[in-house]
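All remarks here apply to the structure that follows.
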Amino acid sequence: MASNSLSNQGLEGIFDDHCGSNTICFAVKFSSNRSYVVDISAGDSIKDLKAVVARKAGLCADDIHFVLAGQRLQDCKSLQSCGVGSHTTLHAFCRPIGNVSKASPKTEQDYGSDVDHFNYNGEEDSGICKECICSEVNFAEQRCSGSRLKESQDVEGIQDINSYSCEMSRPLGYNRFFVYCKLCDGIRPAKLRLVCKGCCNGAFLVDRGPSNWQDISSTTSITGRCTVEKCDCKTPRFYLRCFERHEGDVDGTAVALKHVNMNRRRVDCIACGDVVSPVLIFPCEVGHVICLACFRQYCSVSLNERRFTEHERHGYTLPCPAGCPESYIEESHHFLLLGKENYERYKNFGAEEYVLQNGGMLCPAPGCGMGLFPENGTRLIKCGECQFESCKDCKKEYHTGSCHEVESIILNGSTNIGISDEMAQRACWEMQSMNLIEETTKSCPNCRSKTERNGGCMHMVCSRCECEWCWICVKPWTRDCMAQHWFG
Amino acid sequence: MTSMEKRLQKELQAMTKDPPAGVSVNTNSLSSSLSEWIVDIEGAPSTLYEGERFQLGFKFTSRYPFDSPQVMFIGPNIPVHPHVYSNGHICLSILTEDWSPALSVQSVCLSIVSMLSSCKEKKLPPDNAIYVRTCSKDPKKTRWWYHDNSV
């Protein structure tokens, strides 16, 4: 306990130096939908805030209680040490102390410290508040680990994350969870927030602070109680926001990254061997760790070589690079780290893969590529997007007669309809490139993808359908191919 | 520094400081970017290759360790082994399909030493003649069928 209280004070010291006595402006919201905007110094205590809000709302200061991320804020704490800053919305409820106890005696025992504060104001004023320390053990531990990483010299953080190290040592789940913030365009530490699952009221008190992803994603792991009188919901709904203070409506701009975490055990990156934090931890038994820079490289190499796999539950994704069984990135937003352009490519490849794996085909019209699911028994495929009519078998413009006959007509050019010079020129180019493709590629015998062979042996593996085929026979690869013409 | 350089520098440090038995990096062979290495290996005691010395050539691309290194026997002494072609190419799945960034130069060398150690009879691969005559210079451009895992 002693060490916890020391580290607590130590970090608050850092915090005070950093933030000074700035005035902050934020909203206090009651469950009755009344809300008040408050201007107050960041160094002021919760007790000071109660006095300000009591004056504005015409209530008794002792009856007001503030809730942030499921925790009731204690009188002796300063606003900044609770993580309250500009644009924070602080939830409040108003209830005389006696009634609070009656409303839910069992839970109140856990938060008993709070009630005690009201009765022992003298002790609070002395600045030593044992009760606060007791009830914050969970968070104190969290702060310790945060500070250890921050202070240890050989931990090279990713630069943009490291510059927030001060913020990351904040309490209330700051350094446990990370989001990809679309407004910041990068990974950011997350603020954890919650509302009552039943009535969506923000003044919901949890029985304990969440410590891992399971806690915030399951509906049974953490319980609590809603402070709205008629609501008896016991389940909170958690959500994450970018810790940066974005003004206005920020719904949907931050997506949770469940595999990104602080590197508390200080494990080497599987690729570059550096020990950094935060990192991405794969859900395999050993929990392989990869730094964010190497993860980006892993994704981009895999994307370029089309090595992502289509997983029935997790979609188009990547496995643990060490090949651990059933260890995949389970949430596609992690691939936002690829950057905008490559994320678009990722989504396109993923959609194509889904279509092809589910018996569909891609519209062969130049520049279209729409996913189409042909009906049984017909060779004519009409694209709903570009209206192009194609042949299911040869993936060319729809035709009568056999696919082979049509191919030779196209390549030998046998029409003599009058066309403009420009069109003729253009057509000539297209004919030339089509001829070039015909000369340099062969079609995969399974999915007909045009395939170029850039050296090596005759044993081809289709990058689209993974069919193993022989370049010479244009048929599936066999032992005979290996014996007779492995290398041509 | 790229992740390839960072990683190779760490591997080099570990291998020169604490080299595994029978494996040593030829430090004179290293290029400044560390993209090519030569590693000397020795046949393990009480095996068919006891006392023999071989050289492995490693080449790394900028995509290392996500891309496997190109590894082959080089120099005058190429081991006679059913998975080693006489041009130095090695048929070992961790060098292509089963490569993982969790592997390293050290683990590749140890796998190759152990592949030699488990050999019961010194003989060339059955298709050595045709392979060596027609194959590409880069062993990574060969796709093998790994049927036989016993040797």
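The values are calculated or read from the model by the stated rules, or taken from the named source; none is laboratory data. In this text the structure is predicted, and so the values were computed from the model without any measurement. Note that we place each Cβ from the backbone using ideal geometry, even for glycine, and neighbour counts take in every protein chain shown.
So is B:LEU30 away from every other protein chain (no Cβ under 14 Å) and out of contact with any Ser or Thr (no Cβ under 7 Å at 6 or more places or on another chain) or not?
Considered against the rule, which asks whether it is away from every other protein chain (no Cβ under 14 Å) and out of contact with any Ser or Thr (no Cβ under 7 Å at 6 or more places or on another chain), B:LEU30 comes out as yes.
Please verify whether B:MET4 is modelled with pLDDT of 95 or more and either surrounded by 20 or more Cβ atoms within 10 Å (Cβ to Cβ) or not polar (S, T, N, Q) (or both), treating the condition exactly as stated. Give the derivation first.
On the way: modelled with pLDDT of 95 or more: no; either surrounded by 20 or more Cβ atoms within 10 Å (Cβ to Cβ) or not polar (S, T, N, Q) (or both): yes.
Here the answer is no, as B:MET4 does not meet what is asked.
Which members of the range A:318-330 meet the condition of being more than 14 Å from every other protein chain (Cβ to nearest Cβ) and either crowded, with 16+ Cβ neighbours inside 10 Å or at pLDDT below 90 (or both)? Can you show your working first?
At the first step, the residues of the range A:318-330 found to be more than 14 Å from every other protein chain (Cβ to nearest Cβ) are A:326, A:328-330.
Scanning the range A:318-330 gives A:TYR328, A:ILE329.
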If we scan the range A:305-319, do we find a residue that is within 20 Å of A:ASN446 (Cα to Cα) and among the β-branched types (Val, Ile, Thr)? yes
Residues to consider are A:GLY350, A:GLY339, A:GLY360; find the one that is touching a strand residue (DSSP E or B) at 6+ places or on another chain (Cβ under 7 Å), farther than 23 Å from A:CYS284 by Cβ and away from chain B (no Cβ under 12 Å). A:GLY360
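Does any residue of the range A:453-468 turn out to be β-branched (Val, Ile, Thr) and under 22 Å from A:ASP393 (Cβ atoms)?
At the first step, the residues of the range A:453-468 found to be β-branched (Val, Ile, Thr) are A:461.
Right, trim to under 22 Å from A:ASP393 (Cβ atoms) and you get none.
Looking through the range A:453-468, none of the residues is β-branched (Val, Ile, Thr) and under 22 Å from A:ASP393 (Cβ atoms).
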Just to be sure I understand, how many residues within the range A:197-247 are assigned to a loop (DSSP other than H, G, I, E, B) and at negative phi? 32
Could you please give the count of residues in the range B:1-30 that are among the charged types (D, E, K, R) and part of a loop (DSSP other than H, G, I, E, B)? 1
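Considering A:LEU372, A:LEU380, which residue is modelled with pLDDT of 85 or more and either under 22 Å from A:CYS467 (Cα atoms) or β-branched (Val, Ile, Thr) (or both)?
Values: A:LEU380 fails: either under 22 Å from A:CYS467 (Cα atoms) or β-branched (Val, Ile, Thr) (or both).
It is A:LEU372.
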Cβ pairs under 8 Å, 6+ apart or interchain, first in the range A:437-457 and in contact (Cβ under 8 Å) with a residue 60 or more places away in the chain, second surrounded by 12 or more Cβ atoms within 10 Å (Cβ to Cβ) and not in a loop (DSSP other than H, G, I, E, B), ordered by first then second residue, are A:CYS447/A:LEU356
For the range A:262-317, which residues satisfy the criterion of being charged (D, E, K, R), within 9 Å of chain B (Cβ to nearest Cβ), in contact (Cβ under 8 Å) with a residue 40 or more places away in the chain and touching a strand residue (DSSP E or B) at 6+ places or on another chain (Cβ under 8 Å)? A:ASP274
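Test A:ARG296 against the stated conditions and say whether it is surrounded by fewer than 20 Cβ atoms within 10 Å (Cβ to Cβ) and under 30 Å from B:LEU12 (Cα atoms).
Working: surrounded by fewer than 20 Cβ atoms within 10 Å (Cβ to Cβ): yes; under 30 Å from B:LEU12 (Cα atoms): yes.
So A:ARG296 passes the test.
Condition check: at pLDDT below 90 and within 14 Å of chain A (Cβ to nearest Cβ). Does B:SER93 satisfy that?
Working: at pLDDT below 90: yes; within 14 Å of chain A (Cβ to nearest Cβ): yes.
So B:SER93 passes the test.
Residues are listed down the side, and each one gets a yes or a no for (1) closer than 26 Å to B:PRO65 by Cβ; (2) more than 10 Å from chain A (Cβ to nearest Cβ); (3) in a helix (DSSP H, G or I):
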{"position": "B:ALA102", "(1), (2), (3)": "yes, no, no"}
{"position": "B:GLN106", "(1), (2), (3)": "yes, yes, yes"}
{"position": "B:VAL113", "(1), (2), (3)": "yes, yes, yes"}
{"position": "B:CYS119", "(1), (2), (3)": "no, yes, no"}
{"position": "B:SER136", "(1), (2), (3)": "yes, no, no"}
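Each row is one residue, and each column tells you yes or no for (1) within 13 Å of chain B (Cβ to nearest Cβ); (2) in a strand (DSSP E or B); (3) over 36 Å from the mean Cα position of the chain (by Cα); (4) surrounded by 15 or more Cβ atoms within 10 Å (Cβ to Cβ).
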residue: A:LYS442; (1), (2), (3), (4): no, yes, yes, yes
residue: A:CYS447; (1), (2), (3), (4): no, no, no, yes
residue: A:GLY456; (1), (2), (3), (4): yes, no, yes, yes
residue: A:MET460; (1), (2), (3), (4): yes, yes, yes, yes
residue: A:GLU466; (1), (2), (3), (4): yes, no, no, no
residue: A:ILE472; (1), (2), (3), (4): yes, no, yes, no
residue: A:CYS481; (1), (2), (3), (4): yes, no, yes, yes
residue: A:GLN484; (1), (2), (3), (4): yes, no, yes, no
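Would you check which residues across the range A:364-384 are in a loop (DSSP other than H, G, I, E, B), touching a strand residue (DSSP E or B) at 6+ places or on another chain (Cβ under 9 Å) and farther than 24 Å from A:ASN304 by Cβ and list them? Even if it seems obvious, please write down each step before you answer.
Let us first name the residues in the range A:364-384 that are in a loop (DSSP other than H, G, I, E, B), namely A:364-370, A:373-379, A:383-384.
Going one step further and asking which of them are touching a strand residue (DSSP E or B) at 6+ places or on another chain (Cβ under 9 Å), we end up with A:364-365, A:368-370, A:373-375, A:379, A:383-384.
Within the range A:364-384, A:ALA365, A:PHE373, A:PRO374, A:GLU375, A:ARG379, A:CYS383, A:GLY384 qualify.
Would you check if A:HIS399 is farther than 25 Å from B:TYR64 by Cβ, in a helix (DSSP H, G or I), free of Cβ contacts under 8 Å to residues at least 12 places away in the same chain and of a type outside the set (D, E, K, R)?
On the way: farther than 25 Å from B:TYR64 by Cβ: yes; in a helix (DSSP H, G or I): no; free of Cβ contacts under 8 Å to residues at least 12 places away in the same chain: yes; of a type outside the set (D, E, K, R): yes.
Here the answer is no, as A:HIS399 does not meet what is asked.
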For the range B:1-18, pairs from a residue that is within 10 Å of chain A (Cβ to nearest Cβ) to a residue that is among the acidic types (Asp, Glu), with Cβ under 8 Å and 6 or more apart or across chains, are B:LYS6/A:ASP274
In the range A:207-227, is there at least one residue being more than 22 Å from A:ALA256 (Cα to Cα), out of contact with any strand residue (DSSP E or B) (no Cβ under 6 Å at 6 or more places or on another chain) and surrounded by fewer than 17 Cβ atoms within 10 Å (Cβ to Cβ)? no
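Quick one: in the range B:49-90, of everything that is among the small types (Gly, Ala, Ser) and within 14 Å of chain A (Cβ to nearest Cβ), which residue is surrounded by the fewest Cβ atoms within 10 Å (Cβ to Cβ)? Working first, answer last.
As a first pass, look at the range B:49-90 and keep what is among the small types (Gly, Ala, Ser): B:51, B:57, B:62, B:68, B:75, B:86, B:88.
From the residues that got through so far, the ones that are within 14 Å of chain A (Cβ to nearest Cβ) too are B:62, B:68.
Numbers: B:SER62: 14, B:SER68: 21.
Only one residue fits best here, namely B:SER62.
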